[in-house]
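Undergrad: Below is a structure I'd like to ask you about.
Each reported figure results from applying straightforward, stated rules to the coordinates on display, with no laboratory input. Note that the structure is predicted; figures quoted are calculated from it, not measured. FYI the Cβ positions are ideal-geometry reconstructions off the backbone, even for glycines, and counts take in every protein chain you see.
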Amino acid sequence: MNAAQTFEMVRTVTEQITTPEENDTVILFGAGGLGVMSLSALQTEHKVTAFCDNDKNKAGTMIEGLPCISPAQLLDYPKAFVLISSAKYYSSIHQQLGQMEIRHCSLDAYIVQKHWAEFERVFDILDDDAKQIYAGILLCRVSGDNSEAEKYFCGNPSFAIPKFDYLLHPRGGFIDCGAFVGDTVEEMVKHSFGTVPVIYAFEPNARNYAALRKRVSFLRDIWALEPETIICENAGVGIKSATLSFVAGDQYIGTQITHNLDAAGNVKVVSIDEYLKEKGNPTIALIKADIESYEWDMIHGAKETIQRCKPKLAISIYHSVYDFFRIPLYLKKLVPEYHFTVRHHSLADEETTLYCYV
């Protein structure tokens, strides 16, 4: 199938699903990261009553202010409609709920059906290389079948297109939102051949931040960089500067910023616009963000910087299917000159990145 045919298949799949009615009791199945990440946006469209999860340790707890129930408790809700947030376990949960005769559908399919016009607008502004990837990954997500994701795989995450791969003598600094252990910071140095004037690296997870500092020290030595070339901040990024709660996962999952009062601790969050103002509003040439669904807030907190500098952007959109349409459409509004393309950097439905450049 070509890109247009694949995109039309996405529409066909979503048109065939049953979605919740106005008086249904909507319950989100999957109380892990993906469910929590989607909750705030979903709540603006339909009241969510509870989480549900097969993990017995989660049943009876409160997550993001909502009760988490066991699958057996779904029968206590005669008007229950379940949205399945987990693409990885969609097939088994679909079978489980079918046997219980509980109405349900994929959360991603529900969102795509509800916002089809917005997805069409994004498809139209993507370059030709991106259209097939965008449509193909959406089809994987709405069908719950990731077996086709591998054919869209592309290496070199965050630097997968020529304009991002060759960054010699950039016209400004770089910002790494979600710097993890410094892997992307190192690539920023390599792809600019050590000519980047400054890198601001934000990482809220304390363990990751310690590893980041060690790698940065190493990079300063082997690239003969001045100490101020790479500035590490033990902080997250968001719509405004604040202190928020967070849940620290393992080192490969990262840190999920949350409004859960039972979370593990607090973390500093900064607005990029406010942060850069304190530094004299330097020119920014590139922003990369992979921050566990906080990309939407980060962009709003960097609105002035994006409009002022028109930097290259490498933004993860896979944490929530909402970001597949709302992030590119908002960025197109901020900077009409932006060109948009998409690359996919995993063998499943994760690591989909939106690239923007003028």
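Undergrad: Can you tell me which of Glu278, Glu187, Glu233 moves the most in a GNM of the chain? Springs connect C-alpha atoms under 10 Å apart.
TA: Glu278
Undergrad: Name the GluC sites (Glu not before Pro) in segment 1-94 that are in a loop by DSSP and that have at most 12 other C-beta atoms within 10 Å, would you?
TA: Glu21, Glu22
Undergrad: Choose one of Tyr110, Met37, Ala211: the residue whose Cα lies farthest towards the positive end of the charge dipole of the chain (beta-carbon charges +1 Lys, Arg; -1 Asp, Glu; about the Cα centre).
TA: Ala211
Undergrad: Still on this structure: Taking a cut-off of 13 Å between Cα atoms, list the aspartates and glutamates near Lys277, but don't count ones fewer than 8 places away on the same chain.
TA: Excluding near neighbours in sequence, the set is Glu304.
Undergrad: A further question follows. Would you pull out the residues with amide H under 5 Å of Phe340's amide H, same chain only if 5 or more places away, H placed 1.01 Å from N?
TA: HN-HN under 5 Å from Phe340: Asp127.
Undergrad: Same structure again: In the structure shown, do any of Lys268/Lys288; Lys47/Lys114; Lys312/Lys333; Lys279/Lys332; Lys214/Lys310; Lys190/Lys303 have a Cα-Cα gap over 22 Å, and if so which?
TA: Where the Cα-Cα span goes over 22 Å, the pairs concerned are Lys279/Lys332; Lys214/Lys310; Lys190/Lys303.
Undergrad: How would you rank 66-74, 84-92, highest first, on the average number of other Cβ atoms within 10 Å across their residues?
TA: Going by the mean number of other Cβ atoms within 10 Å, highest first, we get 84-92, 66-74.
Undergrad: Which of the following values of Rg/Rh (Cα atoms, Kirkwood Rh) was calculated from the structure shown: [x] 0.98; [y] 0.94; [z] 1.01?
TA: [x]
Undergrad: Right, here's the next one. In the neighborhood of Ala72, defined by Cβ-to-Cβ distances under 14 Å, what is the net charge if each Lys or Arg adds +1 and each Asp or Glu adds -1?
TA: So the surrounding residues net to -2.
Undergrad: What does the convex hull of the Cα atoms come to per residue for segment 85-221, in Å³?
TA: 160 Å³
Undergrad: How much net charge surrounds Val48 when only other residues with a Cβ under 12 Å from its Cβ are counted (Lys, Arg +1; Asp, Glu -1)?
TA: Around Val48, the charge tally is -2.
Undergrad: Given contacts defined as C-alpha pairs under 8 Å and at least six residues apart, what's the relative contact order of segment 43-96, whole-number percent?
TA: Reported relative contact order: 24 percent.
Undergrad: Within a Cβ distance under 10 Å of Pro157, other residues only, what is the Lys/Arg minus Asp/Glu net charge?
TA: -2
Undergrad: Magnitude of the Cβ-charge dipole of the chain, K/R +1 and D/E -1, about the Cα centre, nearest 20 debye?
TA: 700 debye
Undergrad: Now, a different point. Would you calculate, for the chain, the mean residue ellipticity at 222 nm contributed by helices, counting each DSSP H stretch of 4 or more residues as -39,500 (n - 2.57) and dividing by all residues, to the nearest 500?
TA: The helix contribution divided over the chain gives -10500 deg cm²/dmol.
Undergrad: Turning to a different aspect of this structure: Taking 8 Å as the Cα distance limit and 6 or more residues as the minimum spacing, I'd like the relative contact order of segment 153-316 as a percentage.
TA: Reported as a whole number, the value is 23 percent.
Undergrad: Is the shape of segment 153-316 best called rounded, prolate or oblate, per the rule: a/c under 1.5 gives rounded, else a/b larger than b/c gives prolate, else oblate, with a ≥ b ≥ c the square roots of the Cα gyration tensor eigenvalues?
TA: Judged from the Cα gyration tensor, segment 153-316 comes out prolate (a/c at least 1.5, a/b above b/c).
Undergrad: Can you tell me, using C-alpha contacts under 8 Å and at least 6 residues apart, the relative contact order of segment 3-118 as a whole percent?
TA: RCO, segment 3-118: 29 percent.
Undergrad: Calculate the translational D of segment 3-118 in whole µm² s⁻¹ from Stokes-Einstein, where the hydrodynamic radius comes from the Kirkwood formula applied to all Cα pairs, the temperature is 4 °C and the viscosity 1.567 mPa s.
TA: It comes out at roughly 89 µm²/s.
Undergrad: Kindly express, to the nearest 10 degrees and within the range 0 to 90, the angle between helix 90-99's C-alpha long axis and the longest C-alpha principal axis of the chain.
TA: Around 20 degrees separate the two axes.
Undergrad: Trypsin sites (Lys or Arg not before Pro) within segment 16-85: which are DSSP loop residues with at most 13 other Cβ atoms inside 10 Å?
TA: Those that pass, being in a loop and sparsely packed, are Lys47, Lys56, Lys79.
Undergrad: In degrees from 0 to 90, rounded to the nearest 10, what is the angle of the helix 323-334 Cα long axis to the longest principal axis of the chain?
TA: 50 degrees
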